[in-house]
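A quick write-up on the structure given underneath.
The values are calculated or read from the model by the stated rules, or taken from the named source; none is laboratory data. Please read these numbers as outputs of a predicted model, since none were measured by experiment. As a convention, Cβ positions derive from the backbone with ideal geometry for all residues, glycine included, and neighbour counts pool all protein chains shown.
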Amino acid sequence: MKHDKCQDLTKKFNAIFPGGHSNFRVPFEATQNRIFITKAEGSHLWDADGNEYIDYMGAMGPNILGHRHPDYIQALKEYLDEMSLSVGSGILFTPADIELGEKIIKHIPCAEKVKFCLSGTEAVQMAIRLARAYTGRPYFIRFESHYHGWLDNVLGGVINPDTDTKPFGVDNPDLDLVTYTQGRNPKALEESFVLPWNDVERLEEVLEKYGEEVAIIHFEGIVCNHFGMMPKPGFVEKIRELCTKYGIVMSMDEVITGFRLGLGGAQGYLGVTPDIATFGKAMAGGVPLSAVVGKAEILNQLQDGTVLGPGTFNGNPFAVKASLTTLSILERDNGASYDEMWRVQNRLMDGLRDLAQKYSIPVLIHGLTGVFHTLFGITTDAIYTDADLEDFDLNLLYSFWPKMHEEGIIVMAGGRWYMTMSHTDEDVDRTLEAADKTMGTM
Ligand SMILES: Cc1ncc(COP(=O)(O)O)c(C=O)c1O
């Protein structure tokens, strides 16, 4: 692979932009060897040096159709021939708003009403505000290692080991290597109880003491942001039961899982219906749009002025058109393209497992339709808690994914793979060839 142009661009980029655009503590090499994309088609990307990649980054989630899906591009081109990019979210609307809202309500089990926002971060804050207003209570519960956006009250924080005090999350840079940040409002972590995932006893204990003060339990149904950790059988059902018992709003964060696992998202997959849920990423196929959906009595607080939810770009017509087109493509033949994506994905996961066995590399490869994870060092069949991740081998991971980049395969840093409808059997063959070469050196 050639890197001259990208290296030159990296220097210029780093002189202007402190960090990347979505800023985490990524490894130093990644910031020194940035990849600048100049062309995209289907499952493939090309960089400024002309290197070709198979893309499993999925734009960090939004890319569900593949790059430049012909029907998506055609619909947006036609739209641009006669419509504006913005008409004014609060006062002027488009008929497409209604069509999109109807589709969301049709597919998402909890959706009776829909509120558009712009990013996943905003949708989460909207969900918290709606729940606080609805219950008249101040606090929320979230779970360790779930991700809900970059704002102070949901970013990072760890479980407070002192169970005698209110078990608010606390800052601890040693335990929170990925999401710890300085510069936070010092009071922000006091808004929420951060609890261990899949721990019914702890959840019950906290609710017994503070249940009447909790407005909302907000969580990822399937923890895609933490190695695809699954809920233990019965755990999400328990959250449902406890939310009902204590009058707490149950809120599922579907920003990744929405329209990726299938048309019904994680709630459709798990068969448990929350009161509200947040969506983003894949719902518009790459154009920024997010939503809070859920029970009418909760969302209707926006109608009578109880709760405010302004936003210049909320429901902007271009994003609405993009989302409407995305969902129209995804729902064709009763969502048959999800089955095809799952078939291709399974070939890839099976092939990677076979290669790992060939080279005696311990790795758990698991996932659901549209997203899977390679967990090096893990030899169990499933992971439910951080204790199950004890053997996770960062060194093995780092000897895998940067080398895969060099072989023309782009995977997300933590070993997360996003599939799209455009990945083919040929992509799988090429990816497995690259993995064979890479694992052979590990
Ligand atoms: C589950 C989940 N919720 C919320 C967010 C925040 O979304 P955004 O980055 O669009 O603000 C993300 C982003 O990765 C996410 O994965």
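Residues in segment 57-89 that are acidic (Asp, Glu) and closer than 20 Å to residue 332 by Cβ: how many? Please lay out each step first, then the result.
Filtering segment 57-89 down to residues acidic (Asp, Glu) leaves 71, 78, 81-82.
Imposing the further condition that a residue be closer than 20 Å to residue 332 by Cβ reduces the set to 71, 78.
Result for segment 57-89: 2.
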Check segment 231-245 and report whether any residue there is under 17 Å from the mean Cα position of the chain (by Cα) and either under 30 Å from residue 319 (Cα atoms) or modelled with pLDDT of 95 or more (or both).
yes
For residue 357: the one exception among (1) of a type outside the set (Phe, Trp, Tyr); (2) within 30 Å of residue 175 (Cα to Cα); (3) over 21 Å from the mean Cα position of the chain (by Cα)
(2)
I'd like the full set of residues that are part of a strand (DSSP E or B) and within 22 Å of residue 432 (Cα to Cα), limited to segment 22-60.
40, 41, 42, 44, 45, 46, 47, 52, 53, 54, 55
Note on residue 133: of the conditions (1) in a loop (DSSP other than H, G, I, E, B); (2) over 23 Å from residue 263 (Cβ atoms); (3) out of contact with any Phe, Trp or Tyr (no Cβ under 6 Å at 6 or more places or on another chain), unmet is (1)
Candidates 209, 238, 245, 232 - the one that is more than 20 Å from residue 123 (Cα to Cα) and in contact with a helix residue (DSSP H, G or I) (Cβ under 7 Å, 6 or more places away or on another chain)
238
So for segment 4-21 (the condition being part of a helix (DSSP H, G or I) and in contact (Cβ under 8 Å) with a residue 60 or more places away in the chain), does at least one residue qualify?
no
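Suppose we filter 429, 388 for residues that are loosely packed, with under 14 Cβ neighbours inside 10 Å and assigned to a helix (DSSP H, G or I); which single one remains?
Details: 388 fails: loosely packed, with under 14 Cβ neighbours inside 10 Å.
Step by step, each of 429, 388 is checked, and only 429 is loosely packed, with under 14 Cβ neighbours inside 10 Å and assigned to a helix (DSSP H, G or I).
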Based on what the data block shows, is residue 276 within 15 Å of the ligand (Cβ to nearest atom), over 19 Å from residue 325 (Cβ atoms) and not acidic (Asp, Glu)?
yes
Is there any pair linking a residue in segment 378-398 that is at negative phi to one that is of a type in the set (Lys, Arg), with Cβ under 8 Å and at least six apart or on different chains, and which?
384/232
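What about residue 349, is it assigned to a helix (DSSP H, G or I), touching a Phe, Trp or Tyr at 6+ places or on another chain (Cβ under 8 Å) and at pLDDT 95 or above?
On the way: assigned to a helix (DSSP H, G or I): yes; touching a Phe, Trp or Tyr at 6+ places or on another chain (Cβ under 8 Å): yes; at pLDDT 95 or above: yes.
Considered against the rule, which asks whether it is assigned to a helix (DSSP H, G or I), touching a Phe, Trp or Tyr at 6+ places or on another chain (Cβ under 8 Å) and at pLDDT 95 or above, residue 349 comes out as yes.
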Within segment 143-162, does at least one residue satisfy the condition of being in contact with an Asp or Glu (Cβ under 9 Å, 6 or more places away or on another chain), away from the ligand (no atom under 16 Å from the Cβ) and over 22 Å from residue 221 (Cα atoms)?
no
Every pair of residues 6+ apart whose Cβ atoms lie under 8 Å, when the first sits in segment 223-235 and is closer than 20 Å to residue 204 by Cα while the second is among the hydroxyl-bearing types (Ser, Thr, Tyr):
230/384; 231/384; 232/384
Note on residue 112: of the conditions (1) crowded, with 18+ Cβ neighbours inside 10 Å; (2) away from the ligand (no atom under 16 Å from the Cβ); (3) acidic (Asp, Glu); (4) at pLDDT 95 or above, unmet is (1)
Of the residues in segment 246-263, those that are in contact with a Cys (Cβ under 8 Å, 6 or more places away or on another chain) and within 9 Å of the ligand (Cβ to nearest atom) come to 256, 257
Only one residue in 262, 305 is at positive phi, modelled with pLDDT under 95 and surrounded by fewer than 22 Cβ atoms within 10 Å (Cβ to Cβ), so which one is that?
305
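Could you check segment 81-112 and list, in sequence order, the residues that are of a type in the set (A, V, I, L, M) and without any contact (Cβ under 8 Å) to a residue 24 or more places away in the chain? Can you show your working first?
Of the residues in segment 81-112, the ones of a type in the set (A, V, I, L, M) are 83, 85, 87, 91-92, 96, 98, 100, 104-105, 108, 111.
91, 92, 98, listed by residue number.
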With respect to residue 401, determine if the residue is surrounded by 18 or more Cβ atoms within 10 Å (Cβ to Cβ), within 24 Å of residue 146 (Cα to Cα) and either of a type in the set (A, V, I, L, M) or under 14 Å from the mean Cα position of the chain (by Cα) (or both).
no
The lone exception for residue 92 - which of (1) exposed (fewer than 14 other Cβ atoms within 10 Å of the Cβ); (2) within 24 Å of residue 330 (Cβ to Cβ) it fails
(2)
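Name the single residue, out of those in segment 115-126 being within 10 Å of the ligand (Cβ to nearest atom) and either of a type in the set (A, V, I, L, M, F, W, C) or in contact with a helix residue (DSSP H, G or I) (Cβ under 6 Å, 6 or more places away or on another chain) (or both), that is farthest from residue 293 (Cα to Cα). Break it down stepwise before answering.
Residues of segment 115-126 within 10 Å of the ligand (Cβ to nearest atom): 117-125.
Right, trim to either of a type in the set (A, V, I, L, M, F, W, C) or in contact with a helix residue (DSSP H, G or I) (Cβ under 6 Å, 6 or more places away or on another chain) (or both) and you get 117-118, 123-124.
Numbers: 117: 11, 118: 14, 123: 9, 124: 11 Å.
Result: 118.
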In segment 233-253, what residues are farther than 18 Å from residue 132 by Cβ and among the charged types (D, E, K, R)?
237, 238, 240, 241, 245
Output for Cβ contacts, cut-off 8 Å, separation at least six or different chains, first residue in the same structural domain as residue 22 (by TED's automatic domain parsing) in segment 161-186, second surrounded by 10 or more Cβ atoms within 10 Å (Cβ to Cβ) and at pLDDT below 90, reads none
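Working carefully through the options 223, 194, 214, find the one that is more than 16 Å from the ligand (Cβ to nearest atom) and either at pLDDT 95 or above or over 26 Å from residue 416 (Cβ atoms) (or both). Walk me through it before giving the result.
Values: 223 fails: more than 16 Å from the ligand (Cβ to nearest atom); 194 fails: more than 16 Å from the ligand (Cβ to nearest atom).
Unique residue meeting the criteria: 214.
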